[in-house]
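A.B. asks: After the structure tokens below, expect a handful of questions from me.
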Amino acid sequence: MAQQHEWLYGIHALTAVLEREPQRVLEIYIAKGRDDERLHTLINLARKNGLGIQFCNKKILDDKAQGESHQGIVARAQPAKTLTENDLDAIIAHAQNMGKAPFLLVLDGVTDPHNLGAVLRSADAAGVDAVIVPKDKSASMNATVRKVACGAADVIPLIQVTNLSRTLAELQEKAIWVVGTAGEAKQSVFDCKMNGPIALVMGAEGKGMRRLTRERCDELIKLPMHGSVSSLNVSVATGICLYEVVRQRG
């Protein structure tokens with residue numbers, strides 16, 4: 001059965017939805033006594049779109065946010081449209097029509113919504129066209145992801161695919177180079193040519209990419225590690241790799 005609604009919380013996340021899809025927002029709840037300039041801007045935006053606002057005590061907001069930090073504002077909204085393989089071709093074509101080499105990020109098995117939110121924020125900053133995740137064994141879009149992403153979740157298309165290996169093969173057929181990150185790789189991220197059409201694949205923390213995903217990659221790269229730790233948080237590693245692509249593209 002389809003989810004009837006979702007909860008949004010945090011000023012950045014709710015502002016992004018109000019700016020782009022205000023018709024999704026059904027109700028807004030704000031903590032009594034909360035008073036700052038950012039909140040006034042959001043309230044004005046909500047009222048401009050004809051949305052009512054309820055002021056209530058913090059306990060009610062805590063219950064609706066289920067323990068997550070909500071910054072004194074929570075909203076009930078219709079779920080965003082889920083993007084699938086069928087939407088990917090149009091996104092790639094749009095990038096090409098803009099004279100840009102497609103820049104895609106693939107996450108294989110990232111299940112922590114905080115990591116997904118942080119990755120979406122970095123992807124937006126780096127100019128990624130879309131983030132691709134498997135439908136199963138992956139964090140999905142929820143209020144936590146939206147809040148951590150600080151608005152990026154409503155800008156960057158998140159594509160859920162049924163078969164990740166098959167999707168990578170289809171990208172390769174479109175002349176998109178698939179580069180995966182793996183600890184056993186011989187080549188450093190800084191030595192890999194990544195200024196053309198690219199799909200950068202990041203694996204889950206600890207396990208890394210799944211075998212079929214790794215075998216599908218055209219090239220494997222790694223981040224050089226000079227300290228005592230063996231790996232970085234996936235959102236940190238993703239940010240470094242994305243910005244190496246940005247650097248190479250000038």
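A.B. asks: Which one of these is in contact with a helix residue (DSSP H, G or I) (Cβ under 9 Å, 6 or more places away or on another chain), surrounded by 13 or more Cβ atoms within 10 Å (Cβ to Cβ) and part of a loop (DSSP other than H, G, I, E, B): 42, 51, 18?
C.D. replies: 51
A.B. asks: Determine whether residue 68 is surrounded by 12 or more Cβ atoms within 10 Å (Cβ to Cβ), under 18 Å from the mean Cα position of the chain (by Cα) and not hydrophobic (A, V, I, L, M, F, W, C).
C.D. replies: So residue 68 does not fit the description; no.
A.B. asks: Now for a separate question. Would you pick out the residues in the stretch 72-102 that are in contact (Cβ under 8 Å) with a residue 40 or more places away in the chain, over 11 Å from residue 8 (Cα atoms) and more than 19 Å from the chain's Cα centre (by Cα)?
C.D. replies: Answer for the stretch 72-102, where residues must be in contact (Cβ under 8 Å) with a residue 40 or more places away in the chain, over 11 Å from residue 8 (Cα atoms) and more than 19 Å from the chain's Cα centre (by Cα): 72, 101.
A.B. asks: In the stretch 54-149, which helices (runs of 4 or more DSSP H) lie fully inside it and hold 1 or more residues that are at pLDDT 95 or above?
C.D. replies: Qualifying helices (runs of 4 or more DSSP H): 85-97, 113-126.
A.B. asks: Applying the selection to the stretch 197-250, what residues are free of Cβ contacts under 8 Å to residues at least 12 places away in the same chain and surrounded by 13 or more Cβ atoms within 10 Å (Cβ to Cβ)?
C.D. replies: Within the stretch 197-250, 232, 236 qualify.
A.B. asks: Would you point out the residue of the stretch 119-136, among those that are in contact with a Ser or Thr (Cβ under 7 Å, 6 or more places away or on another chain) and either of a type outside the set (A, V, I, L, M) or under 19 Å from residue 167 (Cα atoms) (or both), that is surrounded by the most Cβ atoms within 10 Å (Cβ to Cβ)?
C.D. replies: 132
A.B. asks: Here is a further query. Could you look through the stretch 32-53, keep only residues that are among the small types (Gly, Ala, Ser) and more than 28 Å from the chain's Cα centre (by Cα), and pick out the one that is modelled with the highest pLDDT?
C.D. replies: Going through the qualifying residues, I end up with 50.
A.B. asks: Let me spell it out: the conditions are (1) under 21 Å from residue 9 (Cβ atoms); (2) surrounded by fewer than 23 Cβ atoms within 10 Å (Cβ to Cβ), and residue 116 meets all of them except one. Which number is the exception?
C.D. replies: Status for residue 116: all satisfied but (2).
A.B. asks: Among the residues of the stretch 214-236, how many are touching a helix residue (DSSP H, G or I) at 6+ places or on another chain (Cβ under 9 Å) and either part of a helix (DSSP H, G or I) or modelled with pLDDT of 95 or more (or both)?
C.D. replies: So the count comes out to 9.
The values are calculated or read from the model by the stated rules, or taken from the named source; none is laboratory data. Remember, predicted model here, so these are calculated numbers, not experimental data. Reconstructed Cβ throughout: ideal geometry from the backbone, glycine too, with neighbour counts over all protein chains shown.
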